[in-house]
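*Asks:* One structure follows; several queries about it will come next.
The values are calculated or read from the model by the stated rules, or taken from the named source; none is laboratory data. These numbers were taken from a predicted model, which means no experiment stands behind them. Cβ coordinates were reconstructed from backbone atoms using ideal geometry, including for glycine residues, and neighbour counts include every protein chain displayed. We work out accessible area using only protein heavy atoms, side chains counted, and drop any ligands, DNA or RNA first. Shrake-Rupley method; radii C 1.70, N 1.55, O 1.52, S 1.80 Å.
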Amino acid sequence: MAVGPWEERAAAGEVLAQKAGSDVDMRLLELLLDPEDTAVTFRTAAALLKQRTVEAFRLLVLAAGKTDDSHRDWIGDAVDEFIDQAHGEAQPFLRQALVTIRNGDDPACSQAARDWEAWYRWS
């Protein structure tokens with residue numbers, strides 16, 4: 001449920017991204033799936049990617065598997081921007097994180113990772 005102006009929700013996503021992999025994960029998923037403004041989706045996704053952790057990327061994979069094409073495209077745009085700015089370092093990390101997520105113990109995460117691999121077009 002979206003609460004407050006979109007700028008506040010986006011800022012919350014940027015702050016909470018630093019704690020990905022903890023008790024804030026459900027709130028981060030809500031922000032990634034923000035029903036009112038995809039700017040919240042994009043900024044939260046970008047902040048999660050900056051963490052460069054499997055836990056943070058896992059949230060993007062899960063969100064992409066649960067959302068519509070519009071939100072999924074904004075998540076993809078954040079990934080594209082991350083790859084462009086990382087000068088060759090992002091894709092190896094993202095691919096390895098995806099393998100880790102796919103081979104993990106959580107069936108929902110494993111399926112979401114397989115869905116991501118089928119959806120996201122690596123350049």
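*Asks:* Being touching a helix residue (DSSP H, G or I) at 6+ places or on another chain (Cβ under 9 Å) and part of a helix (DSSP H, G or I): is that true of residue 63 here?
*Replies:* yes
*Asks:* Let me ask something else. What is the one condition in (1) under 19 Å from residue 106 (Cα atoms); (2) open to solvent by 10 Å² or more (accessible area, probe 1.4 Å) that residue 56 does not satisfy?
*Replies:* It is condition (2) that residue 56 fails.
*Asks:* Take the stretch 23-41 and flag every residue that is assigned to a helix (DSSP H, G or I) and among the aliphatic types (A, V, I, L, M).
*Replies:* Answer for the stretch 23-41, where residues must be assigned to a helix (DSSP H, G or I) and among the aliphatic types (A, V, I, L, M): 26, 28, 29, 31, 32, 39, 40.
*Asks:* Return the pair list, or none, for Cβ contacts closer than 6 Å from residues in the stretch 100-113 that are farther than 17 Å from residue 56 by Cβ to residues that are in a helix (DSSP H, G or I), at least 6 apart or on different chains.
*Replies:* Pairs found: 110/102.
*Asks:* With (1) open to solvent by 40 Å² or more (accessible area, probe 1.4 Å); (2) touching a residue at least 12 places away in the same chain (Cβ under 8 Å); (3) within 15 Å of the chain's Cα centre (by Cα) as the list, and residue 28 as the residue in question, which single condition is left unmet?
*Replies:* (1)
Listed here are the residues, each with its yes/no results for (1) among the small types (Gly, Ala, Ser); (2) closer than 15 Å to residue 20 by Cβ.
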| residue | (1), (2) |
| --- | --- |
| 51 | no, yes |
| 57 | no, yes |
| 62 | no, yes |
| 74 | no, no |
| 82 | no, yes |
| 87 | no, no |
| 99 | no, no |
| 105 | no, no |
| 108 | yes, no |
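*Asks:* In this structure, is residue 13 among the small types (Gly, Ala, Ser), assigned to a helix (DSSP H, G or I), within 27 Å of residue 100 (Cβ to Cβ) and touching a Ser or Thr at 6+ places or on another chain (Cβ under 9 Å)?
*Replies:* yes
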